[in-house]
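Working notes, structure below.
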Amino acid sequence: MQKITVGIVEDNVQLGQDIRDKLALSEEMEVLFEVQNGKILLQRLSMGTIPKVLLMDINMPEVDGIEATWRVKELYPVIKIIILTVMDDEKKLFEALQAGATGYLLKDAKPHQLLNAVDEVLEGGLPLSPSLAYQVLAYLKGEKHVPKRPIAAFEVLSKREKEVMEFLKRGLPIKQISEELFIANKTVRKHLENIYEKLHIHSYKELIAKINGDERN
């Protein structure tokens with residue numbers, strides 16, 4: 001029998017253990033890992049450890065559950081994410097749904113409720129804390145309007161392009177940037193072309209204006 005693989009993202013050690021204990025009641029569940037925040041989660045996923053379901057806390061250091069959900073769904077859309085929280089919070093609920101979460105439960109949910117929720121998301125369902133069900137119905141009917149996640153302009157750039165941007169911001173010429181990054185001048189120019197295209201700008205002057213404008217916002 002193929003196991004249902006689960007990852008736990010929880011910064012409270014005791015609560016993390018409680019979740020493990022509930023999952024252990026089912027022979028179908030296998031916990032692949034438990035990490036303490038979204039940053040560590042993304043590092044673990046990048047190593048190839050991909051569970052079917054993530055049980056995600058919201059309030060965590062460095063990268064919280066909402067931001068982690070955004071990033072996971074962008075990079076690994078097949079992963080189902082159930083938010084586990086200590087309180088019903090309508091605002092957080094809608095932020096989580098908008099980010100791509102497929103469930104929202106309280107951490108004090110009974111073991112059978114948690115196990116059923118994992119099964120439900122894998123079948124395409126949306127398990128929810130009962131006290132928030134009516135808000136979700138309104139949301140799904142379009143009576144609630146949640147703004148989409150604001151995407152910072154520079155998020156579209158690759159890691160290397162961002163490095164080039166940092167040197168440009170300091171006023172370094174192409175030759176010096178190539179020396180700092182140990183790459184050829186033509187490679188720096190290619191990165192610069194990509195930056196212009198992705199940011200929809202046409203000159204160095206526009207680029208600097210965009211950098212300065214973004215820093216003021």
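Taken together, the values in this text are just the output of simple stated rules run on the coordinates, not laboratory data. Note that the coordinates shown come from a computational prediction; the quantities given were computed from them, not determined experimentally. Here the Cβ is made from the backbone with ideal geometry for all residues, glycine too, and neighbour counts use every protein chain on show.
On the beta carbon distance between residue 110 and residue 160, with R0 = 45 Å, the FRET formula returns roughly 0.40.
Charged neighbours of residue 114, selected by a Cβ distance under 12 Å, balance to -1 (K, R count +1; D, E count -1). Net charge in the neighbourhood of residue 37 (other residues with Cβ under 13 Å of its Cβ; Lys, Arg +1, Asp, Glu -1) is -4. Quick one: pull the percentage of alpha-carbon pairs in the stretch 4-141 with a separation above 27 Å. The answer is 10 percent, as a whole percent.
Over the stretch 63-131, the hull volume per residue, using the convex hull of the C-alpha atoms, is 82 Å³. For the pair residue 184 and residue 76, a Förster radius of 25 Å applied to the C-beta separation gives a FRET efficiency near 0.15, rounded to the nearest 0.05. When the listed pairs 52/80; 162/198; 39/210; 169/210; 39/73 are checked against a 18 Å cut-off, the alpha-carbon distance exceeds it for 39/210.
At a 10 angstrom cut-off on C-beta neighbours, averaged per residue, how do the peptides 64-74, 188-198 rank from highest to lowest?
64-74, 188-198
Judged by the gyration tensor of its Cα atoms, with axes a ≥ b ≥ c, the stretch 1-66 is oblate; a/c meets the 1.5 cut and b/c is at least as large as a/b.
Computed FRET efficiency, Cβ-Cβ of residue 25 and residue 49, R0 25 Å: what is it to the nearest 0.05? Result of the calculation: an efficiency of 0.60.
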